[in-house]
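Report on one structure; see the data block that follows.
The values are calculated or read from the model by the stated rules, or taken from the named source; none is laboratory data. Nothing here was measured: the structure is a model prediction, and the numbers come from that model. Cβ atoms come from the backbone with ideal geometry, glycine included; neighbour counts cover every protein chain shown. These accessible areas exclude ligands, DNA and RNA; they are computed on the full protein's heavy atoms, side chains included. Shrake-Rupley method; radii C 1.70, N 1.55, O 1.52, S 1.80 Å.
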Amino acid sequence: MISSTSETILSIENLHASVEDQEILHGVNLVVKEGEIHAIMGRNGSGKSTLSKVIAGHPSYKIESGSIQFKGKNILELEPEERARIGIFLGFQYPVEIPGVSNLEFLRVATNSRRKELLKSELDTFQFEDLVKDRLKIVEMNPAFLERSVNEGFSGGEKKRNEILQMALLEPIISILDETDSGLDIDALRIVASGINRLSQPNSATILITHYQRLLNEITPDFVHIMADGKIIKTGNKELAIDLEKSGYDFIDKNTKEKERAK
Amino acid sequence: MTQSNTVEEIVSQPYKYGFITEIETEKIPKGLNEDVIRLISTKKNEPEFLLKFRLRAYEQWLKMKEPDWSGLTYSKVDYQDLVYFAAPKQDIKKKSLDEVDPKLLETFEKLGIPLSEQKRLSNVAVDAVFDSVSIATTYKEKLAEHGVIFCSISEAISEYPDLIEKYMGTVVPINDNFFAALNSAVFSDGSFVYIPKGVECPMELSSYFRINSGDTGQFERTLIIAEESSSVSYLEGCTAPMFDTNTLHAAVVELVALDNASIKYSTVQNWYAGNEEGVGGIYNFVTKRGECRGKKSKISWSQVETGSAITWKYPSCVLQGDNSIGEFYSIALTNNCQKADTGTKMIHIGKNTKSKIVSKGISAGQSKNSYRGLVSISPNAEGARNYSQCDSMLIGDKASANTYPYIQSKQPQSNIEHEASTCRISEDQLFYLQSRGIDFEESVSMLVSGFCSDVFNELPMEFASEADKLLALKLEGSVG
């Protein structure tokens, strides 16, 4: 397990958030420390993706109450780009296609904005090409993808690899990967998972949002949280994910109902 | 959503080129009549045939009515309240750049068009037009070695009257339309290009038009002739100071391509667009047309239209020669109260003629942006083909975009394809870029550039990055 002296990266307290006047998150609490890998599981519509977008600062979601702190600093007032620059990374479930914008140029601009924050020098086209070709190996991607428009015409698996490539370039402190495993075949899953493992650092952390145990066979989580109805209702270790896989979400429902009755 | 408001704010960028050059100007009195036309012709020392040309045009113009079919509304121009000739006072017959008023050189330098020998662009020859006259043309001697003529139209009229007489008014007849007739009567200067047989023009040619006086109409005239198996790429740029009155710009551009010749004509138009309430700005009422007279000839128009209060123009191709090709690539960005009604006409006359239209309209603020185009296939144009693609992007919820494609085909063996789309800047795309650390502003301009990339790819290299910067500039500003 993780030592208690390690620094807290992300701390979410009693977070309520809504979209179009409908509350989706009803009081989420979560603490993520350096070196930790967390998995968040739960049914469709339980609020997992909303949580990830709220952390990244999506403008459609309104924070009703509660707080999100990154390294002890309130981030609710920060723009999405500011959150990205200080090291918060969201790997999208459905990465959008951006026609006409070169993937290479997009990756370069993004990388440089993070480097600027880290007080590193900006990379010109040639320097960046060296860097990106090196990082491409992590996700076993063909350099031809750099010449195409961002995600345009990429298969599901290629889009997800492109997300992990971005993670490799931006070197975030916390990565929230929203269903990165969905739509991947066995080989792609292995490549993506090994990429995530290679990129994890003692001073960074990862939150995996997933439906399936199979990703957790490749990446071992320190904590598994179950979300339902906009809250984290149960936290355990990787055994919890295995139980869940065996018995389905009904088992959670039963558990919670019993708990409520006991109260 | 506040997002769209902020997008609107950032597309509102102050106009960078709105300064006025303080220079002593020689102007003739306001108003238009036969004497004024004679006066312009005398001032320019023109041959008799040209005076006659002007007078014939004037006679036609008097009989014509200002058109109103476009649906554009604007306060009518008082043609008697305009000055038809304005020129910076200086020795008209300047022999070299050293004799040009330094203030003028400074003006062009401020606009990013350095003319002096040390600073001028290395691979682009420039003809700089200030109000009614051409100030200077660079690289003339170098071009002359290849037999290429590049000079002001005034100079061409006195030096090469035969070419002028042979070609002027043959593509855009003097009575073509109201504004073309007016231009033919009073045009003051513009550029002339002649590429001899078999010559590939060794450098890009470029004209830069600057309106400085507030009450002067600008009526420039451009004529480009590409002889058999020759080719040329020509660029045109425009800016004007900010005045709260509307200034009329009614140019005529004629292109002639003979057998196997190719002309590429690119425009970056950034005339003053008026303020946020729509006061002031240029009326850009221009007639541009090219004739592919020869077999296998090719004319390609590309334009980036960002300025003017109102833009009303349709660079067109008459595809006369068999197997000739016409192309039109356009980006039109309108903001605030700007209106643009622009597009092209592709007239297929010869056999197996081909045309391609790619139009990208971006409307922000309360602006109106219309694509209007005609594809016409005559009975003899067997095997003619056209492909048109018209895409519109809306920013905010007060802007509008329209597409009016007119298709007339009298030839069953022809093939016409038309695709059109309208989209908004998508919040998901913006968020994606922002969540990678890219500024909101930069994200918007990236999305707009991406939307326009098909057209950028058609612009000459140096110009493409300039046009991209210009769009970014228009889209830049403080994020609210």
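Straight-line cross-link partners of A:K234 among the aspartates and glutamates, defined as a Cα under 20 Å from its Cα and at least 8 positions apart when in the same chain: A:E13, A:E36, A:D178, A:E179, A:D222, A:D243, A:E245, A:D250, A:D253, A:E258, A:E260. 3J(HN,Hα) along the stretch B:280-295: x, x, 8, 8, 9, 10, 10, 10, 10, 8, x, 10, 7, 6, x, 5 Hz, from the Karplus curve 6.51 cos²θ - 1.76 cosθ + 1.60 with θ = phi - 60°, whole Hz, x for Gly and Pro. Could you list the GluC sites (Glu not before Pro) in the stretch A:12-58 that lie in coil according to DSSP, counting only those with at most 15 other Cβ atoms within 10 Å of their Cβ? For GluC sites (Glu not before Pro) across the stretch A:12-58 that sit outside H, G, I, E and B with at most 15 neighbouring Cβ atoms in 10 Å, the list reads A:E20. Note on the stretch A:8-262: semi-axes of the ellipsoid equivalent to its C-alpha gyration tensor, largest first and rounded to whole Å, are 31, 21, 16.
Looking at the protein assembly as shown alone, DSSP beta bridges between its own residues are antiparallel in about 20 percent of cases.
Note on the protein assembly as shown: Cα-only Rg and Dmax are 31.3, 108 Å. Extending 7 Å from Cα along the Cβ direction at B:V279 and again at B:S70 yields two label points whose distance is 2.4 nm. Is the stretch A:47-186 best put as rounded, prolate or oblate by its Cα gyration tensor, with a ≥ b ≥ c the root eigenvalues, rounded for a/c under 1.5, and otherwise prolate when a/b is larger than b/c, oblate when not? Judged from the Cα gyration tensor, the stretch A:47-186 comes out oblate (a/c at least 1.5, b/c at or above a/b).
Phi angles across the stretch B:231-236 convert, under the Karplus curve 6.51 cos²θ - 1.76 cosθ + 1.60 with θ = phi - 60°, into 3J(HN,Hα) values of 8, 8, 10, 10, 10, 10 Hz, Gly and Pro given as x. For A:I232, what residues show an amide H to amide H distance below 5 Å, using hydrogens built from the backbone and excluding near sequence neighbours? Amide H to amide H, under 5 Å and 5 or more residues apart or across chains, A:I232 pairs with A:N29. Heavy-atom accessible surface of A:L146, to the nearest 10 Å², is about 10 Å², with a 1.4 Å probe and all protein chains retained. Using a cut-off of 27 Å between Cα atoms, the listed pairs B:K313/B:K410; A:K116/A:K137; B:K63/B:K354; A:K137/A:K231; A:K73/B:K398; B:K140/B:K313 include B:K63/B:K354; A:K137/A:K231; A:K73/B:K398; B:K140/B:K313 as exceeding that distance. Here the simple spin-label model places points 7 Å from the Cα toward Cβ, and for A:K133 and A:S182 these points are separated by 3.7 nm. Beta bridges per DSSP, both residues in the stretch A:8-262: antiparallel share near 60 percent. Over the stretch A:8-262, Cα pairs under 8 Å with separation of 6+ residues give a relative contact order of 28 percent. Residues whose amide H comes within less than 5 Å of that of B:E327, counting only those at least five positions distant or on another chain, are B:I299, B:S300, B:W301, B:K356 (H built at 1.01 Å from N in the peptide plane). For B:K65, go through the aspartates and glutamates and keep the ones whose alpha-carbon is under 14 Å away, minus same-chain ones fewer than eight residues off. Hits, sequence-local ones excluded: B:D78, B:D176. Remark: the protein assembly as shown carries 41 Å² of accessible area per residue (probe radius 1.4 Å; ligands, DNA and RNA excluded).
Cα-based values for the stretch B:347-451, radius of gyration first and Dmax second, are 18.2, 57 Å. Each semi-axis of the equivalent ellipsoid for the stretch B:297-380 is √(5λ) with λ an eigenvalue of the Cα gyration tensor; in descending order they amount to 29, 11, 8 Å. Once both labels are positioned 7 Å from their Cα atoms along Cα-to-Cβ, the gap between A:V19 and A:R214 label points is 2.6 nm.
Proximity of backbone amide H atoms, modeled 1.01 Å from N, is registered between B:I416 and B:N386 at under 5 Å, excluding neighbours fewer than 5 places apart on the same chain. Taking 10 °C and 1.306 mPa s as the conditions, I'd like the Stokes-Einstein D for the stretch B:129-214 in µm²/s, using the Kirkwood hydrodynamic radius from alpha carbon pairs. The diffusion coefficient I find is 111 µm²/s.
When the other protein chains are added to the chain by itself, burial of at least 10 square angstrom of heavy-atom accessible area (probe 1.4 Å, ligands and nucleic acids ignored) affects these residues of the stretch B:401-438: B:E427, B:D428, B:Q429, B:F431, B:Y432, B:L433, B:Q434, B:S435, B:R436, B:G437, B:I438. Taking every protein chain into account, the 1.4 Å probe leaves B:E419 with about 90 Å² of accessible area, to the nearest ten. Rounded to a whole number, what is D in µm²/s for the stretch A:106-145 from Stokes-Einstein with the Kirkwood radius over alpha-carbon pairs (4 °C, 1.567 mPa s)? Translational D for this selection: 121 µm²/s.
In the stretch A:8-262, the portion of solvent-accessible area held by carbon and sulfur atoms comes to 46 percent [1.4 Å probe, whole percent, DNA, RNA and ligands not counted]. Rounded to the nearest 0.05, the FRET efficiency derived from the C-beta distance between B:I20 and B:D162 at R0 = 41 Å is 0.55.
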